[in-house]
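K.L.:
Structure provided below as structure tokens; questions to follow.
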Amino acid sequence: MELRGAGAIVTGGSRGLGASLGSALAARGARVVLVARERGPLEETVARIRAAGGEAHALAEDIGDKTAIHRIAGAAAALVGPIDLLVHNASTLGPVPLRLLLDTDCEDLERTLAVNLVGPFRLTKAVAGPMVLRGRGTVVHVSSDAATSAYPRWGAYGVSKAALLHLNAIWAAELEGTGVRFLSVDPGEMNTKMHADAIPDADPATLADPADVAARIVAQVQS
Amino acid sequence: MSPATWPRESPLAERLLVVDPRCDCTEERRVGDLAAYVRAGDLLVVNDAATLPASLQGRTASGASVEARLLASRDGSWRAVLFGAGDWRTRTEDRPAPPVVGEGDVLTFGGELRARVSGVSPASTRVVTLRFEGDPDHFWSALYRHGRPIQYAYVAAPLALWHVQTPFASRPWSSEMPSAARPLAWELVLALRAKGASFAAITHAAGLSSTGDAALDAALPMRESYEVPAETAAAIARTRARGGRVIAVGTTVVRALESAALPGGGGTVAPGVRDTDLVVGSSHSLRVVDAIFTGMHEPGTSHDTLLQAFAPRELLLRAFQGAQQRGFVGHEFGDSMLVGPGILSVLTS
């Protein structure tokens with residue numbers, strides 16, 4: 001897809017892979033709306049992108065909150081025009097340190113599913129209709145190898161990512177031929193706060209730089 | 001006609017009144033039967049404007065309660081119709097008059113939004129132009145947090161934003177939901193496409209249905225902005241060239257397309273962003289649109305006047321009264337009409 005002038009939403013955009021995706025997309029001329037819960041880091045990321053000459057906007061919202069979805073879709077389209085690219089990058093691990101399923105509260109599983117699965121479903125539902133009407137658009141789901149491997153202690157997160165992978169596949173099957181693409185990408189292990197929360201003793205030197213991963217995902221989006 | 005008081009769960013099961021002036025006849029079906037009246041090669045044009053949280057409760061500098069119902073403008077300012085104390089639970093015509101404001105006055109809405117009155121309409125002191133403080137990120141975030149959908153007293157409970165978005169909602173331009181497209185579930189849209197019909201969009205800033213001021217109401221619809229994308233203009237030209245029909249989904253689409261009609265253009269339109277104050281009625285000779293799929297419009301309203309460009313008043317009145325007797329319901333969550341000359345001949349041809 002052509003990114004110059006394209007309207008893009010990136011969730012989980014305040015830091016890590018989301019911030020890198022925002023920078024990479026804006027550097028290629030996309031008009032980017034970053035969404036994250038914490039206003040402070042979000043606005044810092046937006047300021048960095050603007051300082052580099054890109055267009056970025058901040059919406060401090062929680063993707064796991066049902067009432068936030070149309071606020072995000074509406075405000076984003078007001079700020080950058082019709083949305084051509086939606087990147088579902090926001091996700092939560094659930095409680096850390098990661099715990100066994102038998103020790104996981106049901107409410108924590110619900111919250112993980114709300115952020116990692118139901119929120120993306122709701123936001124795609126709000127954004128993909130106009131994409132189908134225009135006959136173009138791309139939706140990216142950021143996945144994980146936990147979607148396909150049953151790692152002990154990664155229960156809530158793994159379940160949510162497995163479901164998200166399947167959600168991506170069903171969206172793609174139902175909207176085949178409409179011009180709207182659905183991509184699921186596994187970024188691998190990155191040097192991010194989220195990774196440090198999950199595996200505190202990991203050696204950062206062995207982890208990928210989120211900027212490199214973002215460049216790879218953007219190339220995939222452009223192809 | 002009784003209003004539908006809440007969004008219904010199965011849009012395709014909602015009722016459809018088909019009115020054909022060519023045979024001076026009507027039929028009653030369900031929205032899910034729409035494909036029976038649409039031919040391969042037809043183009044359905046929808047309004048893809050999302051509905052704004054356009055109702056803001058606020059105060060004047062002296063502390064008086066005021067509700068501003070916002071209307072989008074192209075220059076970044078907002079026109080607003082002001083209402084006095086109270087909210088949608090009171091019928092607009094029963095609302096107290098708003099406090100009189102003048103140029104330079106400041107209105108505050110919640111803790112985050114402040115606007116300065118930059119103009120007052122000569123037509124009515126209720127109609128003002130507002131300039132909001134803050135950058136666009138702040139304004140849109142605050143508007144979406146503080147604003148509520150405009151709604152009327154016949155609706156059963158407070159509406160959420162998702163209740164007032166059509167399946168095609170993109171940029172938030174509309175003050176009220178461009179509701180004709182509301183029952184077009186994707187299952188139906190994709191079935192119509194599979195049949196060989198196509199879809200295109202315009203964006204039209206649908207305004208207010210009611211202002212609480214009889215003189216203003218009589219002058220509705222107000223001037224509204226619209227955009228016809230180049231790809232929609234091209235789709236209309238292709239439809240014309242192959243002998244297909246242009247079916248407008250909603251009165252706003254008729255207003256936009258007829259405003260954009262190219263003189264001598266054989267039913268084609270000029271792309272672009274413009275304002276319109278075109279009033280379509282019985283004396284208007286339709287240049288672009290062949291038929292309309294829309295809501296149930298009460299005789300005597302401006303929407304009904306627009307329908308008279310498609311069918312004689314007497315036929316519309318007879319059809320409406322019959323539907324009313326048989327339990328059709330009206331307003332934005334109500335049943336639908338399909339009106340156009342020859343629309344029923346599709347079934348027999």
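The values are calculated or read from the model by the stated rules, or taken from the named source; none is laboratory data. No experiment lies behind these values; they were computed from the predicted model shown. All Cβ positions, glycine included, derive from the backbone under ideal geometry; neighbour counts span all protein chains shown.
K.L.:
Could you say which residue among B:Gly244, B:Gly272 is within 20 Å of B:Ala35 (Cα to Cα) and either among the small types (Gly, Ala, Ser) or more than 20 Å from the chain's Cα centre (by Cα) (or both)?
P.N.:
Working: B:Gly272 fails: within 20 Å of B:Ala35 (Cα to Cα).
Unique residue meeting the criteria: B:Gly244.
K.L.:
Residues of region B:258-308 being in a loop (DSSP other than H, G, I, E, B), surrounded by 18 or more Cβ atoms within 10 Å (Cβ to Cβ) and of a type in the set (Ser, Thr, Tyr), which ones?
P.N.:
B:Thr268
K.L.:
Name the residues in region B:316-340 that are surrounded by 20 or more Cβ atoms within 10 Å (Cβ to Cβ) and assigned to a helix (DSSP H, G or I), would you?
P.N.:
B:Leu316, B:Ala319, B:Phe320, B:Ala323
K.L.:
Do the conditions hold for B:Gly212, that is, is it at pLDDT below 95 and small (Gly, Ala, Ser)? Before you say what the answer is, go through the steps one by one.
P.N.:
Numbers: at pLDDT below 95: yes; small (Gly, Ala, Ser): yes.
Taking the combined requirement at face value, the residue satisfies it.
K.L.:
Do we find that A:Arg71 is of a type in the set (Lys, Arg) and either in contact with a strand residue (DSSP E or B) (Cβ under 8 Å, 6 or more places away or on another chain) or part of a loop (DSSP other than H, G, I, E, B) (or both) in this structure? Spell out how you get there, then give the answer.
P.N.:
Values: of a type in the set (Lys, Arg): yes; either in contact with a strand residue (DSSP E or B) (Cβ under 8 Å, 6 or more places away or on another chain) or part of a loop (DSSP other than H, G, I, E, B) (or both): yes.
In short, yes.
K.L.:
Looking at region A:162-179, I want the residues that are closer than 16 Å to A:Met131 by Cα and assigned to a helix (DSSP H, G or I) and have a partner that is modelled with pLDDT of 95 or more and β-branched (Val, Ile, Thr) with Cβ atoms under 6 Å, at least 6 apart or on another chain. Which pairs are those?
P.N.:
none
K.L.:
Something else: Check whether at least one residue in region B:172-191 is surrounded by 21 or more Cβ atoms within 10 Å (Cβ to Cβ), part of a helix (DSSP H, G or I) and among the hydroxyl-bearing types (Ser, Thr, Tyr), and report yes or no.
P.N.:
Yes, region B:172-191 has at least one match.
K.L.:
Also, quick follow-up: Of the residues that sit in region A:180-196 and are assigned to a helix (DSSP H, G or I) and free of Cβ contacts under 8 Å to residues at least 40 places away in the same chain, which one is farthest from A:Leu109 (Cα to Cα)? Step through it out loud before you land on a result.
P.N.:
Going through region A:180-196, the residues assigned to a helix (DSSP H, G or I) turn out to be A:193-196.
Still in the running and free of Cβ contacts under 8 Å to residues at least 40 places away in the same chain: A:195-196.
Values: A:His195: 19, A:Ala196: 21 Å.
So the residue we want is A:Ala196.
K.L.:
What number of residues within region B:129-151 satisfy the criterion of being at the interface with chain A (Cβ under 10 Å from one of its Cβ atoms), polar (S, T, N, Q) and under 22 Å from B:Glu93 (Cα atoms)?
P.N.:
Looking only at that region, the number is 0.
K.L.:
Quick one: count up the residues across region B:253-300 that are in contact (Cβ under 8 Å) with a residue 40 or more places away in the chain and over 18 Å from B:Ala235 (Cα atoms).
P.N.:
Result for region B:253-300: 11.
K.L.:
Sort out which residues of region B:25-52 are assigned to a strand (DSSP E or B) and either among the β-branched types (Val, Ile, Thr) or crowded, with 16+ Cβ neighbours inside 10 Å (or both), and write them in order of number. So that I can check it myself, show each step before the final result.
P.N.:
As a first pass, look at region B:25-52 and keep what is assigned to a strand (DSSP E or B): B:25-30, B:43-47, B:50-51.
Within region B:25-52, B:Thr26, B:Glu27, B:Arg30, B:Leu43, B:Leu44, B:Val45, B:Val46, B:Asn47, B:Ala50, B:Thr51 meet the criteria.
One line per residue, one yes/no per condition, for (1) over 24 Å from B:Ala205 (Cβ atoms); (2) β-branched (Val, Ile, Thr); (3) in contact with a Pro (Cβ under 8 Å, 6 or more places away or on another chain):
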| residue | (1), (2), (3) |
| --- | --- |
| B:Ala248 | no, no, no |
| B:Ala256 | no, no, no |
| B:Leu278 | no, no, no |
| B:Val288 | no, yes, no |
| B:Phe293 | no, no, no |
| B:Ala319 | yes, no, no |
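K.L.:
Report, ordered by the first and then the second residue, all pairs with beta carbons closer than 6 Å, sequence separation of six or more or different chains, a first member in region B:30-47 that is within 14 Å of chain A (Cβ to nearest Cβ), and a second member that is surrounded by fewer than 23 Cβ atoms within 10 Å (Cβ to Cβ) and assigned to a helix (DSSP H, G or I).
P.N.:
Within 6 Å, the pairs are B:Leu43/B:Ala235.
K.L.:
How about region A:50-66: which of its residues are under 17 Å from B:Trp140 (Cβ atoms) and assigned to a helix (DSSP H, G or I)?
P.N.:
Answer for region A:50-66, where residues must be under 17 Å from B:Trp140 (Cβ atoms) and assigned to a helix (DSSP H, G or I): just A:Arg50.
K.L.:
Additional query: Given the options A:Ile217, A:Ile199, name the one that is farther than 21 Å from A:Arg134 by Cβ, free of Cβ contacts under 8 Å to residues at least 12 places away in the same chain and not basic (Lys, Arg). Before the answer, list the steps.
P.N.:
Details: A:Ile217 fails: free of Cβ contacts under 8 Å to residues at least 12 places away in the same chain.
Exactly one of A:Ile217, A:Ile199 is farther than 21 Å from A:Arg134 by Cβ, free of Cβ contacts under 8 Å to residues at least 12 places away in the same chain and not basic (Lys, Arg), namely A:Ile199.
K.L.:
Looking only at region A:24-49, how many residues end up being hydrophobic (A, V, I, L, M, F, W, C) and within 14 Å of B:Asp137 (Cβ to Cβ)? Explain how you work it out, then say what you get.
P.N.:
Just the residues of region A:24-49 that are hydrophobic (A, V, I, L, M, F, W, C), to begin with: A:24-27, A:30, A:32-36, A:42, A:46-47, A:49.
Of the ones still in play, those that are also within 14 Å of B:Asp137 (Cβ to Cβ) are A:32-36, A:42, A:46-47, A:49.
Number satisfying all stated conditions: 9.
K.L.:
For region B:220-228, state whether one or more residues are of a type in the set (Phe, Trp, Tyr) and more than 14 Å from chain A (Cβ to nearest Cβ).
P.N.:
Going through region B:220-228, the residues of a type in the set (Phe, Trp, Tyr) turn out to be B:226.
Filter again for more than 14 Å from chain A (Cβ to nearest Cβ), leaving B:226.
Yes: one or more hits.
K.L.:
Restricting region A:74-92 to residues that are at the interface with chain B (Cβ under 9 Å from one of its Cβ atoms) and in a helix (DSSP H, G or I), which is surrounded by the fewest Cβ atoms within 10 Å (Cβ to Cβ)?
P.N.:
So in region A:74-92, the residues at the interface with chain B (Cβ under 9 Å from one of its Cβ atoms) come out as A:74-79, A:81-83.
From what's left, in a helix (DSSP H, G or I): A:74-79.
Numbers: A:Gly74: 25, A:Ala75: 26, A:Ala76: 30, A:Ala77: 26, A:Ala78: 21, A:Leu79: 23.
Checked region A:74-92; the qualifying residue surrounded by the fewest Cβ atoms within 10 Å (Cβ to Cβ) is A:Ala78.
K.L.:
I'd like the full set of residues that are away from chain A (no Cβ under 13 Å) and touching a helix residue (DSSP H, G or I) at 6+ places or on another chain (Cβ under 8 Å), limited to region B:152-177.
P.N.:
Result: B:Tyr152, B:Ala153, B:Glu176.
K.L.:
Only one of A:Gly29, A:Gly22 is out of contact with any Ser or Thr (no Cβ under 8 Å at 6 or more places or on another chain) and either more than 9 Å from chain B (Cβ to nearest Cβ) or crowded, with 24+ Cβ neighbours inside 10 Å (or both); which? Step through it out loud before you land on a result.
P.N.:
Values: A:Gly22 fails: out of contact with any Ser or Thr (no Cβ under 8 Å at 6 or more places or on another chain).
So the residue among A:Gly29, A:Gly22 that is out of contact with any Ser or Thr (no Cβ under 8 Å at 6 or more places or on another chain) and either more than 9 Å from chain B (Cβ to nearest Cβ) or crowded, with 24+ Cβ neighbours inside 10 Å (or both) is A:Gly29.
K.L.:
Here's a follow-up. Checking B:Arg318 against (1) within 10 Å of B:Met296 (Cα to Cα); (2) out of contact with any Leu (no Cβ under 7 Å at 6 or more places or on another chain), which test does it fail?
P.N.:
So B:Arg318 meets the others, but not (1).
K.L.:
Something else about it: So, in region A:172-194, exactly how many residues are acidic (Asp, Glu) and either over 17 Å from the mean Cα position of the chain (by Cα) or loosely packed, with under 14 Cβ neighbours inside 10 Å (or both)? Explain how you work it out, then say what you get.
P.N.:
Residues of region A:172-194 acidic (Asp, Glu): A:174, A:176, A:186, A:189.
Keeping just the survivors that are either over 17 Å from the mean Cα position of the chain (by Cα) or loosely packed, with under 14 Cβ neighbours inside 10 Å (or both) gives A:174, A:176.
Total meeting the criteria: 2.
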